[in-house]
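Rule-based calculations on the coordinates, nothing more; no lab input. Remember, it's a predicted structure, so these values are computed and weren't measured experimentally. Glycine gets a Cβ as well: all are built from the backbone with ideal geometry, and neighbour counts include every protein chain shown.
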Protein chains: 2
Amino acid sequence: MLANTTKEKIVELGRGFIQHGGYHQFNYKQIATELNIKNAAIHHYYPSKEDLGLAVIEKDKQYFEQMNKRVEDKIPMEKIEALFKIYYDYFNDGNKICIIGTFSSAYNEIPEKIQKGAKDYLELVNKWLITTFESGRKSGHFKFKGTAKDLADFWVATLTGAIQIGRIRGAGYFRQILKNLKMTLDSDC
Amino acid sequence: MLANTTKEKIVELGRGFIQHGGYHQFNYKQIATELNIKNAAIHHYYPSKEDLGLAVIEKDKQYFEQMNKRVEDKIPMEKIEALFKIYYDYFNDGNKICIIGTFSSAYNEIPEKIQKGAKDYLELVNKWLITTFESGRKSGHFKFKGTAKDLADFWVATLTGAIQIGRIRGAGYFRQILKNLKMTLDSDC
DNA sequence: TTGACTACTTACCTGTAGGTAGGTAACTTT
DNA sequence: AAAGTTACCTACCTACAGGTAAGTAGTCAA
């Protein structure tokens, strides 16, 4: 979290609060209190909650793409481990869940633009998974039956659910699911 | 939904709204409007939102147990299909998600009693899955590697995530995930 | 050194949320 | 028939949410 400016701090904190309690629970006061500024100052940077929500998705996407770049020359399994690390970090940092999960669980009652933002982000992650799975299969690092697309679709659901259920059932549960997920990359069926 | 009394209608509607928009988005006004009663009438039956939330979990549990009873003499795959039907019905009835999913995604910011209620309910579903998997394996209907517990843990995460991601990616996606989940019951690894 | 811009603050508005107190009409029990 | 109980309603309160308008202190550029 290299947030130097107030604007960056706001989006960073907003992201954390949304991952912690969800879009509807989160509010401007939480950020204002944390930064020792007034509520209205947040509106100066992000006129509406919707604007901030969108910025949070963009921020999250940025981090995801930074991770992509860091591992682009690594072997496929290291890429997957980098993805898992993101999830572990969320989990360990106050039981946060992933951004896609927060917005999907509130999907029916969020502004359209945020719906679209979440959807686009989801497709991005999904494509990254497909590419990673395919290149891993080609290089012989991964073995799995079926298409990479089907597996990626499956992973997205399981990851989203695992970090949420992990909140209730604890770290051991969460670790186990990710371990079992990984095993789907080393199997003939 | 055989809700005759106002009290039953309240909990039934509350359940729907919570599955639709989440615990924090949902409010008493929605129910009051739907039933053409005043806000205060809801407080008469459920003094606090927490009380209603707990009642909603109990209601959901009731439906789950009714399903259990209906299929207790059926073959294991029919039990699984009955579970899936619950999820399909949620999905088709206004993109609702499962109760465990709503409360897990809001887990950090819900009253302790509701946390406990959700946790207990989750363990109940989990145990039902384990039992169903084990009996299915014993009878030769299911083939899967690893323990029934591990598989049940995995299913819980995937189901929770699938119905949420399904909101974003649509019915085809959701169906595909459930289909692939089912395939884990007919595999040697 | 003036004028524009930035980064806020103060002060306020509106809507709505959950919740409560007291009343009342209708049914139910004794 | 009286007394209690149920199922609400009216009227209200408090807190807080998101949002806005107007001002101000400091920076920065011409």
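Looking at the structure I just gave you, is A:E109 more than 14 Å from every other protein chain (Cβ to nearest Cβ) and either within 13 Å of DNA strand C (Cβ to nearest atom) or out of contact with any strand residue (DSSP E or B) (no Cβ under 9 Å at 6 or more places or on another chain) (or both)? The answer is no for A:E109. Applying the criterion of being acidic (D, E) and without any contact (Cβ under 8 Å) to a residue 24 or more places away in the chain to the residues of the stretch A:95-136, the residue that is nearest to B:I18 (Cα to Cα) is A:E112. The test for being surrounded by fewer than 19 Cβ atoms within 10 Å (Cβ to Cβ), away from DNA strand D (no atom under 16 Å from the Cβ) and free of Cβ contacts under 8 Å to residues at least 24 places away in the same chain holds for B:D89. The helices (runs of 4 or more DSSP H) located wholly in the stretch A:1-84 that include 1 or more residues which are more than 13 Å from DNA strand D (Cβ to nearest atom) and under 30 Å from A:L185 (Cβ atoms) occupy A:6-21, A:49-71.
Residues checked against (1) outside any loop (DSSP other than H, G, I, E, B); (2) more than 10 Å from chain B (Cβ to nearest Cβ); (3) among the small types (G, A, S):
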position: A:G101; (1), (2), (3): yes, no, yes
position: A:L122; (1), (2), (3): yes, no, no
position: A:T131; (1), (2), (3): yes, yes, no
position: A:E134; (1), (2), (3): yes, yes, no
position: A:K182; (1), (2), (3): yes, yes, no
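When the stretch A:142-172 is limited to residues that are surrounded by fewer than 18 Cβ atoms within 10 Å (Cβ to Cβ) and farther than 15 Å from B:T184 by Cα, the one that is farthest from the other protein chains (Cβ to nearest Cβ) turns out to be A:A171. Only one of the numbered conditions (1) at negative phi; (2) within 13 Å of another protein chain (Cβ to nearest Cβ) is violated by B:K138, and that is (2).
Pairing each residue of the stretch A:29-52 that is under 17 Å from A:N4 (Cα atoms) with any residue that is of a type in the set (K, R) and within 9 Å of DNA strand D (Cβ to nearest atom), provided the two are 6+ apart or on different chains, yields C-beta distances under 7 Å for A:A32/A:K38.
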